[in-house]
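The values are calculated or read from the model by the stated rules, or taken from the named source; none is laboratory data. Small disclaimer: the values here were computed from a predicted structure and weren't measured. As a convention, Cβ positions derive from the backbone with ideal geometry for all residues, glycine included, and neighbour counts pool all protein chains shown. We work out accessible area using only protein heavy atoms, side chains counted, and drop any ligands, DNA or RNA first. Shrake-Rupley method; radii C 1.70, N 1.55, O 1.52, S 1.80 Å.
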Amino acid sequence: IKKQQQDVLGFLEANKIEFEEKDIAANEENRKWMRENVPEDSRPASGNPLPPRLFNDSRYLGDYEAFFEARENNAVYAFLGLTAPPGSKVGLLLAGYFT
């Protein structure tokens, strides 16, 4: 989980994409919010959804695998619901939800 979080954060920082990081390990309200806002069809068969999970405001975008696939397909900005900067091959996020 830690490696995936670092991968997402590193990518957002390197591309100067603004985001908000929410710690679900140290904050029960953040943990509850994340669990309530991950759609039913994106939850594991048993247990709770694990981070990193990405949101644009309160709209659920996906998990690390979805982010990684979007990045590999040069579609991160579209995945994140953002307009890609001029001349960019990538498409990216505003608010992240990680722990």
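Expressed as a whole percentage, what fraction of the accessible surface of the range 1-98 belongs to carbon and sulfur atoms when a 1.4 Å probe is rolled over the protein heavy atoms?
46 percent
Taking a label point 7 Å from the Cα of residue 21 along the Cα→Cβ vector, which residues of the range 30-67 have an amide N closer than 14 Å to it?
In the range 30-67, the label zone of residue 21 (backbone N under 14 Å from the point 7 Å along Cα→Cβ) covers 52-53.
Taking only Cα atoms, what is the 0 to 90° angle, nearest 10, from helix 2-14's long axis to the longest principal axis of the chain?
Here the helix axis deviates by roughly 30 degrees.
Could you give the length gained on full extension between residue 58 and residue 5, defined as 0.36 nm per residue of separation minus the Cα-Cα distance, in nm? Intermediate values should be presented prior to the final figure.
Numbers: separation 53, 0.36 × 53 = 19.08 nm, distance 1.89 nm.
Gain in length upon complete extension: 17.2 nm.
Report, to one decimal in Å, the Kirkwood hydrodynamic radius for the chain based on all distinct Cα pairs. Intermediate results must be reported in sequence, preceding the final value.
Details: mean 1/r = 0.0737 Å⁻¹.
That comes to 13.6 Å for the chain.
Measure nothing fancy, just the Cα-based angle from helix 28-37's long axis to the longest principal axis of the chain, in degrees from 0 to 90, nearest 10.
That helix lies at roughly 70 degrees to the long axis.
I want to make sure I understand the PRE zone here: with the label point 7 angstrom from the Cα of residue 29 toward its beta carbon, which residues in the range 46-63 have backbone N atoms less than 17 Å away?
58
Can you give me the accessible area per residue for the range 1-98, using a 1.4 Å probe, in Å²? Before the final figure, lay out the partial values.
Numbers: 5940 Å² over 98 residues.
Ligands and nucleic acids excluded, the result is 61 Å² per residue.
Assuming a strict under-26 Å limit between Cα atoms, what lysine pair count do you get for the chain once near-sequence pairs (fewer than 8 apart, same chain) are dropped?
9
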